[in-house]
1. Taking only the alpha-carbon positions of the stretch B:564-621 and ignoring solvent, what does the Debye formula give for the base-10 log of I(q)/I(0) at q = 0.13, 0.15 Å⁻¹?
2. Treating each Cα of the stretch A:222-348 as an identical point scatterer and ignoring solvent, apply the Debye formula and state log10 I(q)/I(0) at q = 0.10, 0.17 Å⁻¹.
3. Given a Förster distance of 51 Å, report the FRET efficiency between B:Lys162 and A:Thr296 from their Cβ-Cβ distance, rounded to the nearest 0.05.
4. Say the dipole of the stretch A:140-281 comes from +1 at the beta carbon of Lys and Arg and -1 at that of Asp and Glu; which of A:Ile158, A:Tyr215, A:Val205 then lies farthest toward its positive end?
5. Put the label 7 Å from Cα along Cα→Cβ for B:Asp270; what are its distances to the other copies, in nanometres, shortest first?
6. Rg over Rh of the stretch B:486-633, using C-alpha atoms and the Kirkwood radius, what does it come to?
7. Going by average Cβ neighbours within 10 Å, how do the peptides A:593-599, A:227-233 rank, with the highest at the top?
8. Give me the distance in nm between label points sitting 7 Å out from Cα along the Cα-to-Cβ direction at A:Arg447 and B:Glu29, one decimal.
Protein chains: 2
Amino acid sequence: MGLFAGHEPVDHAELDNFGVDWVIHYSFEDLGKEGTSTKPMIDNTLAHSHLLGAEISQAISEFVTLIHDLEEAHLQVQVRHGYGPSLLVFIRIPPDLLGNMVYKSRVKDWLHGIIHEFPAGDDHTVVESETAAEALRSVYHAVTWQKHLGGAGITPKIGQWKNIQAAIPLQDRAANAELLRKWSKTVNITAEDLDAIRALFGEKVAFYFAFIHCYSTFLVFPAVWGVFCWFYLGPYSITCALVNCLWCIIFVEYWKTREIDLSLRWNVRDVGILKVNRPEWVWDKEVQNPVTGETTKVFSTQKQFLRQLLLIPFATVAALALGSLIILSFASEVLVSEIYTGPFKGYLEFLPTILFSLSLPWITNTLTEFAKQLTDYENYRTQDQYDVAQTSKTFVMHFITAFLPTLLTAFVYVPFGTKLVPYLDVFRTYGLMSANLAKEIHIDPARLQQEVIYLSATAQLLNFGEEIVLPYVKQTLMHKWRTYRDGRDAARMPRRHSQRTDLLLVDAPEEAAFLARVRDEVEADEYNVHDDTLEMCVQFGYLALFGVAWPLVPLGFLANNWLELRGDFFKLSLECQRPPPIRADSIGPSLQGLEVLAWLGTLSTAAVVYLYRNSMEGVQFSSFLLTLLLAEWAYLGVRFVVQTGMERISSVTLKRAEAKRYGMRKRYLEATSGNVSPRGKPRVRFEDKVSVYTTGTDVSTSKEGLLQPGHDGLHHGRQFWSWAPQEAADAGVRMIKALNTTMDGSRTGPTKVAKGA
Amino acid sequence: MGLFAGHEPVDHAELDNFGVDWVIHYSFEDLGKEGTSTKPMIDNTLAHSHLLGAEISQAISEFVTLIHDLEEAHLQVQVRHGYGPSLLVFIRIPPDLLGNMVYKSRVKDWLHGIIHEFPAGDDHTVVESETAAEALRSVYHAVTWQKHLGGAGITPKIGQWKNIQAAIPLQDRAANAELLRKWSKTVNITAEDLDAIRALFGEKVAFYFAFIHCYSTFLVFPAVWGVFCWFYLGPYSITCALVNCLWCIIFVEYWKTREIDLSLRWNVRDVGILKVNRPEWVWDKEVQNPVTGETTKVFSTQKQFLRQLLLIPFATVAALALGSLIILSFASEVLVSEIYTGPFKGYLEFLPTILFSLSLPWITNTLTEFAKQLTDYENYRTQDQYDVAQTSKTFVMHFITAFLPTLLTAFVYVPFGTKLVPYLDVFRTYGLMSANLAKEIHIDPARLQQEVIYLSATAQLLNFGEEIVLPYVKQTLMHKWRTYRDGRDAARMPRRHSQRTDLLLVDAPEEAAFLARVRDEVEADEYNVHDDTLEMCVQFGYLALFGVAWPLVPLGFLANNWLELRGDFFKLSLECQRPPPIRADSIGPSLQGLEVLAWLGTLSTAAVVYLYRNSMEGVQFSSFLLTLLLAEWAYLGVRFVVQTGMERISSVTLKRAEAKRYGMRKRYLEATSGNVSPRGKPRVRFEDKVSVYTTGTDVSTSKEGLLQPGHDGLHHGRQFWSWAPQEAADAGVRMIKALNTTMDGSRTGPTKVAKGA
């Protein structure tokens, strides 16, 4: 593409990855904490190590097993030490082997119908990978897949390998820097940029960036429209509400077609089916493929569905737990700010929010842990399905924490506050408060608007700082502290090992920069693409649910997202481990989240407009319900129309993909036709062979000619079919004349007709 | 299968089809009615026919062109005369040609991805057809497809061939009789029976029978449950309502999975894409397939979608027209039955209904005609899409006429009757009535129940009579009348033609029975499968919308459907033309109709239960709306859960199909692997070839090693990778020991740990 050509040369020495494909971070720090190990030693040559204690010998035996397994899988290994008591095992795959693995991976894709062009070749074919991610995916498989699938079976943090802290590819610093530099200068990113992310980090990550890009581009319209509404219509405008809801529906439906588009562009459509089994997965029966005779392990879908139904009580419990916490904090805040008149009011006002913020992580973690156990129990075959299920649960919790406070403000506190607040009087009976609650309470309908403004401006900025700036500062400080500590330790206790060992503990000068970088990378956080997607969904949710209260919301979001996209890429490429290039054909369960939010958004917008338009005056319960009902029906109707329209757009894409596939089959047909003799079925005549039952093996019963069309009566038809073609035509002409005469009857003779014509 | 074995032998002579594959009914009766024709004569050998008038010569020229076109398409033809001024052209395809056409049709299916196993062979391969329908489909294509596609281009009733009244295959009397006899003796029909229908009439018809069978089987549960409710819960029970709604949702979702199941069983999934263009279709641009270079004509989907939006005003107009008619007739009926006290009350009561019934066909026909023009304007490429669009419009109209009267009774007349009826007082001002409307009006809440009982019992029976018995009687009488007329004509005016012509006009004795049958068949009605499907949908609609008013409704429907299934097959096989064996992968737009009815049904059931449970007492508008809103949300929630559950069931089917496809690819791989040399791409080494941009053709820019993973640094890494495997392992072990010492520091010596272990 020449995109990166013409820039200043990059310092290769600093960016060089030394040909390393993958790095395993083996830490034996935790071994001592687990008590004594009874595991017998594997390698007799290491017998002398028992002198250093059972933990050390276990560490050594684990390490040796690791090296052994990697070498068995034909991977080249190299070892350096990491920070603290840990080792870095560097892995390289011989190019021919890698090329062959890429080829075999493509054959597997073809076998499962992911790609449609048959990758011609044999068992030893070597191909070049199309993207870096494709090559890395093969490396990933070589390292992590179970041994019977041809991998080394190294699964970080699980079972036998629980002391392996990370197994990751190394960041491609140069490519990352180029992309980041390019984006900092432009407003929009292109399809080629998305392709570049896909080439570096795989489709799963690329789908997130495609989503935020698509969403931000879509935001331009409501941002402009919002400014217009702000000047001419004001908040709670019906026109503004209608346009916003329509926009939400169109965006969600458009994104679906975009997903299909991208999954075809990236050849990952329906890629979910060929993912390998999770190591933790349990099957309950084996199914044999009737054609190939291969057996597949399966877990009863009914059983799984029943287990999934546990999500309903879980969601209820989570909603109740989080809901009551939120309501409690909300009530305390109201209590303090509106009613309390004692000392320290200025400070106490923040107390509930602070307490809520402090207890929220604990509750969320407990619920997440519980959700994880539920997901484990649901027993998903692939990591993908597992992630989807776990993410769905996280979504439910995040949606509750994100939207419930504002929903309470909008639909409980402001409309019913004057009726509900006096109930807080109960506190006075416990002597907690001396103020008189019977006094007039002012509840400001503008409170909703204030919250929305806060959410769309301040909160987004704070979030950005927390998500991207804070980790960067933390990482830098951590790095400084480590350098200081290592220097101090070295000074306090000079090492006393053999000279050879001492040499091993000191980095070679030409490797020093590289190793320092690798040590940082293996200790960095894992990048979780679901979290970033979730953040965008929550943002979309605010817009859909409460955008009508302050028309400038989309403008704030648009500005935020310009930064967010770049910040997320900064985080992904500089602050996190490089994620393994996993394939995906969508943004996963977030799509359902978006649909639910667009639906909830329509209801919420209708309700907000109805309630707040005339500042709660003339509000009636039955008209409120009627508004909701009409909004609901309008949503269903509009969505149906938009869906139908969008299906046409995606049908064009699908047709193009189908045309491509058709072309491939056509070429194949042309290549084989003529030189392939008909095999299998003999050249048989059609008669007496057609059975009315397709599944029947016993054709003889229909041989009597009962069930065939047409050809059943050849023995009777010999006379019937005896005329030559010209005879038949002639007979027809004669009959036309004759029948015409008969029809006209005796009244109008044939000659009369001729005269009349 | 041996299914039909052991029965008494069938009279072959009477059932024999004389080897005829297809029959064309050419009628020149209408030619004379169109005025003089200026069409020049085509065949000079027919010059003498001008004596019989321009119409006759046109008939002859059309006939000769017909024979010529058929022979050009390599079809054997034979001619006999039909009833009145018409000819029967019999078509037979030579078996080898037919077998080859079937093979080519399979190749086409494979090219478009309908079937997945490559049909091995060459241009001259002859295969046996799997079913009679498959062979007939090839005949159908040979007769109707445009000449450039290899057919004869005979399109009945359209353009050049507008005088061809029918082009149909002949009924397979024996097979039809066997099936009908079998079903009259059993309660349930089997999957093999459905396969038999498919083999005889093609997938489109088979899908209808599969649907009615599936629906009737599902009806067993609500029938039993309804009897229970009838005895223990009574009408308008909440439990009964909940169960009914749940059943409706489950049935609709289950049918979707069943459709997938059947379309895979019958190899017709996504068959819509390879249908040929309709002759009337207009394209606006040509698109080239980038792979094969073939051009495809397309019509802009955007333009079509915009045209489709015209459906909204159409539906509005139709709803208003039908709605006002229904309301008018309803109001008159109420007027007469409740208020009018003058003479002839007993007869006048039926007048509105009779007037309504008489005017309904006219209005429906006008609307249908208008709908047809709209569908024509929407310009669909294939006949399938056209049918879907036209049927959708018919559905809308039928739903209005079917449900609006009962909806009016349930939600307007009974609840608001006492308020609305006095408005009819307006009639008195015109002196039309003398009764006093201010008197107390009794509106019986049981009226809804009476209507529902009528609909589920009487109406179904009447419908059956109208649909199946009446046409049979009509057909028989028609046949008798024709025989009588022909005899009379022959007696009144003895024919005066040449002896040879006279011979042509008299049936040969061995052909007489066959020709009589064919003449009846070509003049029979076309079988419209959409109408039958629609009827079942309307029945489902009654059940979903008003079933709760009388729990025995499903029992009545179940009994009716036992008869209906057999009656429909009787109609299809004895009263109608044999439909061309068209393929389809669903019941078409009826599926959407079912979904809408399940949704409407939930709302309607909730409303009916709320209103009628306590006989309209304590009814409040806000609680009514709340009931609707809750029912709506419950519907959405339950449907989501049911859908998720059903997707699992269909995913099993899809997985099985995928496994089959996988098996085929695997076998292909095994067959080609080893003897196919890698072609296309040369065996290249992996390094320096990976580009970050997948679409790039210029790989050279990334050759500097900026963008590759791992392998970029081979020139730096030579030193890094210099250790032999054993050296690396050894170095690791040394480092573990050394780092452990460093970690434990000076406080806990290594020996201490060993002692503690």
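Here, each number is a calculation from the coordinates, and none is a lab measurement. Being a predicted model, the structure only gives us computed values, none of them experimental. Because the Cβ atoms are built from the backbone with ideal geometry, glycine has one as well, and the counts that use them run over all protein chains shown.
1. So the normalised log intensities are -0.64, -0.71.
2. Reported log10 I(q)/I(0), two decimals: -0.84, -1.10.
3. 0.35
4. Result: A:Ile158.
5. 0.6
6. Using only Cα positions, Rg/Rh for the stretch B:486-633 is 1.31.
7. On the way: A:593-599: 22.0, A:227-233: 14.4.
Result, highest mean Cβ count within 10 Å first: A:593-599, A:227-233.
8. 8.2
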